[in-house]
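Novice: Could you have a look at this structure, given as structure tokens, before my questions?
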Amino acid sequence: MTTPRLLSCVVVATLALSACTSGGSGEPVAGPSGAARSAGKTAGPGGSPAPAELTEKDYRAALDKARGPIREALKKLNSAGVEELGKRLGQTVSAMEDAVARLETLTPPSEVKAEHADYVGALRQFLSALSAAQEDVRAQDVCTGPAVLTGVEEIGQLSPVRRSATALADRGDYRTDVIPVKVSKERSRRLPNGRYITSGSRSGRAYLELKNGNTQDAVVVLVRGKKKAIRVYVRKKAKFRVRGVRDGSYKVYYTLGSDWDSKAGGFTRSCAFGRFGKSLRFRTVHTGAQIRWSNWSVTLKAVVGGSVPLKRVKPGDFPG
């Protein structure tokens, strides 16, 4: 005769699950209830529902919303000279941080999940490189917006953005081209020694001799009143004589650096700015049968026995 087994059944209403155990063996015999199976959603952290997957249309709109501010910020950064570079770079970092943070919260269509992750990861690395470049800008090791982007390209943080953007765009005609400017490789452009960048009338009798004893090229600017009368390029360890300087009082400014960008009107790397410690007075005097005038010689480096000091100036105070 078979002894009947007793079954006990416990219902946990709050979980909508039933668990039944055999009074004989203690083995579980029941699984999820129908209510749990019909829910069809994966729980997120802490038991909260996971974000809903975006439709292609909504995902495309979210990409566009992030793309616009990044492109606009990079355009402005690329046109920045040394005076406004720190501010522009800070604005670019801020705009990218907001855009990338929004992209990181998205749940893209399942078929582009991997491409989306690669794209956002590449943007995050690009953002980190731009943020790190702020210290180089403060130290004036990098002096123009294009040079900032060139530096990021040199450490390999732009190519991944382009590759991942293309891979994602190809999956659904998504607009992911966030880099709107051409980024060149690092260069070391120089002008010939003595090349005039700006040259007003040089009809005077006097000359100004410029000696550049530094290890960097220089551009010297002569300012008469509020006007830049002469700008001339003097290579490192070289000298040049500016002839025909007209009478008047001139302030002498100079900038040192590497890689002269004629379009930006400045050096792109390792830039410094200074001025001669006093104005130079050029004067022609006619006395009877004689004509007298004054010539000057300026050394763009502190020298023992020099009579006039060189003074550093801020980029914003330089008449570039």
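The values are calculated or read from the model by the stated rules, or taken from the named source; none is laboratory data. Nothing here was measured: the structure is a model prediction, and the numbers come from that model. Counting neighbours? That spans all protein chains shown, and the Cβs are built from the backbone with ideal geometry, glycine included. Ligands, DNA and RNA are excluded from the accessible area calculation, which covers all protein heavy atoms including side chains. Shrake-Rupley method; radii C 1.70, N 1.55, O 1.52, S 1.80 Å.
Novice: Toward the positive end of the charge dipole of the stretch 126-214, about the Cα centre and with charges on Cβ (Lys, Arg +1; Asp, Glu -1), which of ALA139, GLY213, LEU149 goes farthest?
Specialist: Projecting each Cα onto the dipole axis, the largest value belongs to GLY213.
Novice: From the phi angles alone, apply the Karplus equation (6.51, -1.76, 1.60; θ = phi - 60°) to the stretch 194-204 and give each ³J(HN,Hα) in whole Hz, x where the residue is Gly or Pro.
Specialist: x, 6, 7, 8, 9, 9, x, 5, 10, 10, x
Novice: In debye, nearest 20, what is the charge dipole magnitude of the stretch 188-297 about its Cα centre with +1 on Lys and Arg Cβ and -1 on Asp and Glu Cβ, if you could check?
Specialist: 160 debye
Novice: Something else now. Rounded to the nearest 0.05, what FRET efficiency do ARG195 and ARG162 have when you use their Cβ-Cβ distance and R0 = 30 Å? Please report the intermediate quantities before stating the final value.
Specialist: Values: r = 37 Å, r/R0 = 1.22.
For ARG195 and ARG162, the calculated efficiency is 0.25.
Novice: Might you tell me the accessible area per residue for the stretch 128-281, computed with a 1.4 Å probe and given in Å²?
Specialist: Ligands and nucleic acids excluded, the figure is 49 Å² per residue.
Novice: Determine, for each peptide in 105-115, 123-133, the mean count of other beta carbons within 10 angstrom over its residues, then list the peptides with the highest first.
Specialist: 123-133, 105-115
Novice: Charges at C-beta only: +1 for Lys and Arg, -1 for Asp and Glu. How large is the resulting dipole of the stretch 147-194 about its Cα centre, in Debye rounded to 20?
Specialist: Roughly 220 debye for the stretch 147-194.
Novice: Something else: I'd like the Karplus ³J(HN,Hα) series for the stretch 290-297: coefficients 6.51, -1.76, 1.60, θ = phi - 60°, whole numbers in Hz, and an x wherever there's a Gly or Pro.
Specialist: After applying 6.51 cos²θ - 1.76 cosθ + 1.60, I find 10, 10, 10, 8, 10, 10, 9, 10 Hz.
Novice: For VAL142, what residues show an amide H to amide H distance below 5 Å, using hydrogens built from the backbone and excluding near sequence neighbours?
Specialist: Distant-sequence amide H within range of VAL142: VAL137, SER270.
Novice: Still on this structure, I have one more. With a 1.4 Å probe and every protein chain kept in, tell me what percent of the accessible surface of the stretch 188-310 is carbon plus sulfur.
Specialist: Carbon and sulfur atoms account for 46 percent of the accessible area of the stretch 188-310.
Novice: Which residues' amide hydrogens lie under 5 Å from the amide hydrogen of LEU54, considering only partners 5 or more residues apart or on another chain, with H built in the peptide plane?
Specialist: THR107
Novice: OK, next. Search the structure for amide H atoms under 5 Å from the amide H of ALA206, placed 1.01 Å from N in the peptide plane, and list their residues when 5 or more places away or on another chain.
Specialist: Sorted by chain and number, the residues that satisfy this are GLY244, VAL245.
Novice: Same structure, new question: Of the cross-linked pairs LYS185/LYS237; LYS87/LYS228; LYS182/LYS226; LYS65/LYS314, which ones have a Cα-Cα span greater than 29 Å in the structure shown? It would help to have the intermediate numbers written out before the result.
Specialist: Details: LYS185/LYS237 27 Å; LYS87/LYS228 26 Å; LYS182/LYS226 36 Å; LYS65/LYS314 38 Å.
From the list (LYS185/LYS237; LYS87/LYS228; LYS182/LYS226; LYS65/LYS314), the Cα-Cα distance tops 29 Å for LYS182/LYS226; LYS65/LYS314.
Novice: Right, another one. Treating only the Cβ of Lys, Arg, Asp and Glu as charged (+1, +1, -1, -1), what charge dipole size does the stretch 116-218 show about its Cα centre? Round to the nearest 20 debye. Working shown, then result.
Specialist: On the way: 15 positive and 12 negative charges, 113 e Å.
Charge dipole of the stretch 116-218: 540 debye, to the nearest 20.
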